[in-house]
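Chemist: Once you've had a glance at the structure underneath, I'll fire off some questions.
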Amino acid sequence: MTERPPAVALVTGAGRGLGRGIAVELARAGLSVALHYGRSATGAAETAALCQGVATSDGQRFVPIGADLAEAGSRRRLVGAAASQLGRIDALVNNAGITEPNRRDCLEAAEEDYDAVMEVNLKAPYFLCQAAARQMLEQGAPLLPSYQILNISSISSDTVSTNRGAYCVSKAGLSMATQVWAARLAEFGILVNDLRPGIMESDMTAGAKEKYDRLLAEGELVPLSRWGSGEDLGKAAAALLSGAFPFTTGHVIPIDGGFHLRRL
């Protein structure tokens with residue numbers, strides 16, 4: 001009897017931070033992972049080694065693939081390379097994102113900064129959804145309980161930062177893109193959901209660590225009073241891909257320690 005091969009997930013921005021945490025947890029759950037990176041081949045190789053360290057079967061593979069998500073041809077090549085090198089794509093995790101290069105107040109923001117954020121945070125995942133869905137539809141039956149796409153948005157989807165206006169708009173747009181793709185792909189049984197992380201420990205928040213350490217210690221901002229991690233996000237992704245939520249699509253799932261709660 002031939003052993004069933006592992007399902008394959010493509011994770012963008014897997015060379016560090018939250019993407020690395022997601023990739024490691026998917027490896028722990030038994031998946032092979034295509035590890036997209038933008039600039040750091042070294043970081044992606046480190047992620048691959050961490051994934052290999054927690055793999056549960058000899059058949060799992062962890063392949064770094066470089067691509068510039070701001071360039072349409074590079075995005076298409078990423079999906080093609082992942083499918084070619086790992087044989088298929090059963091899940092896409094749109095994790096990669098950037099904040100505004102200069103964090104200017106929205107009254108002073110530059111159009112080039114806005115365009116750069118939108119290209120990576122919204123346009124890229126939108127069209128990666130398209131490319132991955134087309135790939136899935138060509139493959140036949142999934143190796144997971146269902147094909148899935150997970151978009152990693154942010155509490156900035158509905159929480160304003162006036163010095164990161166474009167970032168907020170991009171993440172709000174990504175949450176709507178989740179609903180668009182969930183509606184369009186439902187007839188094919190492809191689930192599309194939005195994981196919405198809160199205050200997460202990553203390169204993006206490193207510059208505000210002192211501020212958030214204080215707010216988290218006070219317990220007023222986040223009821224669970226700690227930073228979130230890539231592991232937290234990865235465990236949620238693994239639960240979804242395992243088939244634990246077969247009747248959930250187009251949904252926002254907060255991974256925020258209770259930040260979203262309205263409290264008096």
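Chemist: Taking the highest mean first, how do the peptides 61-68, 124-131 order by number of other beta carbon atoms within 10 angstrom per residue?
Modeler: Going from most to least packed, we get 124-131, 61-68.
Chemist: Another question about this same structure. For the chain, what proportion of DSSP beta bridges, expressed in % and rounded to the nearest 5, is antiparallel?
Modeler: 0 percent
Chemist: Right, next: So what is the relative contact order of the range 203-264, in percent, for Cα pairs below 8 Å that sit 6 or more residues apart?
Modeler: Averaging sequence separation for qualifying contacts and normalising by length gives 36 percent for the range 203-264.
Chemist: Report, in cubic angstrom per residue, the convex hull volume of the C-alpha atoms of the range 48-101.
Modeler: Value for the range 48-101: 113 Å³ per residue.
Chemist: May I ask for the distance between the Cα centers of the range 158-193 and the range 56-108, given as a whole number of Å?
Modeler: Centre-to-centre distance over Cα atoms comes out at 17 Å.
Chemist: Which shape class applies to the range 38-141: rounded if a/c is under 1.5, otherwise prolate when a/b exceeds b/c and oblate if not, where a ≥ b ≥ c are the square roots of the Cα gyration tensor eigenvalues?
Modeler: oblate
Chemist: For the range 98-210, what D do you get in µm² per second when you plug the Kirkwood radius from alpha-carbon pairs into Stokes-Einstein at 4 °C and 1.567 mPa s?
Modeler: Here the translational diffusion coefficient equals 85 µm²/s.
Chemist: Quick check: the angle from helix 41-54's long axis to the longest principal axis of the chain, C-alpha only, nearest 10 degrees?
Modeler: With both axes taken from Cα atoms, the answer is about 60 degrees.
Chemist: Strictly greater than 18 Å: what percent of every Cα pair in the range 1-95 meets that?
Modeler: The answer is 37 percent, as a whole percent.
Chemist: Let me know the volume per residue of the alpha-carbon convex hull for the range 183-264, in Å³.
Modeler: With only Cα atoms used, the range 183-264 gives 115 Å³ per residue.
Chemist: Another question, then. Each residue of the range 136-144 in turn: what ³J(HN,Hα) in whole Hz from Karplus with 6.51, -1.76, 1.60 and θ = phi - 60°, glycine and Pro shown as x?
Modeler: Going residue by residue, I get 4, 5, 7, 8, x, 5, x, 8, 8 Hz, with x marking Gly and Pro.
Chemist: Could you give the angle, 0 to 90 degrees to the nearest 10, between helix 209-218's Cα long axis and the longest principal axis of the Cα atoms of the chain?
Modeler: 80 degrees
Chemist: May I ask for the angle, rounded to the nearest 10°, between helix 72-86 and the longest principal axis of the chain, with both axes built from Cα atoms and the value confined to 0 to 90°?
Modeler: The answer is roughly 40 degrees.
Chemist: Cα-based Rg of the range 3-42 per 2.2 N^0.38 Å, rounded to two decimals?
Modeler: 1.18
Chemist: Which ³J(HN,Hα) values in Hz, rounded to whole numbers, follow from the phi angles of the range 7-23 under the Karplus curve 6.51 cos²θ - 1.76 cosθ + 1.60, where θ = phi - 60° and Gly and Pro get x?
Modeler: 5, 10, 10, 9, 10, 7, x, 8, x, 6, x, 5, x, 5, x, 5, 4
Chemist: Another question, then. Out of the range 163-263, which GluC sites (Glu not before Pro) are coil in DSSP terms and have no more than 14 other C-beta atoms within 10 Å?
Modeler: 220
Chemist: Next up: Please report 118, 200 as a ranked list, fewest other C-beta atoms within 10 angstrom at the top and most at the bottom.
Modeler: In increasing order of surrounding Cβ atoms, one gets 118, 200.
Chemist: [x] 32, 18, 17; [y] 29, 20, 18; [z] 31, 23, 15: which one is semi-axes √(5λ) of the Cα gyration tensor in Å as calculated from this entry?
Modeler: [y]
Just so you know, all these numbers are worked out from the coordinates, no wet-lab data involved. Nothing here was measured: the structure is a model prediction, and the numbers come from that model. Heads up, the Cβs are rebuilt from the backbone with ideal geometry, glycines too, and the neighbour counts pull from every protein chain shown.
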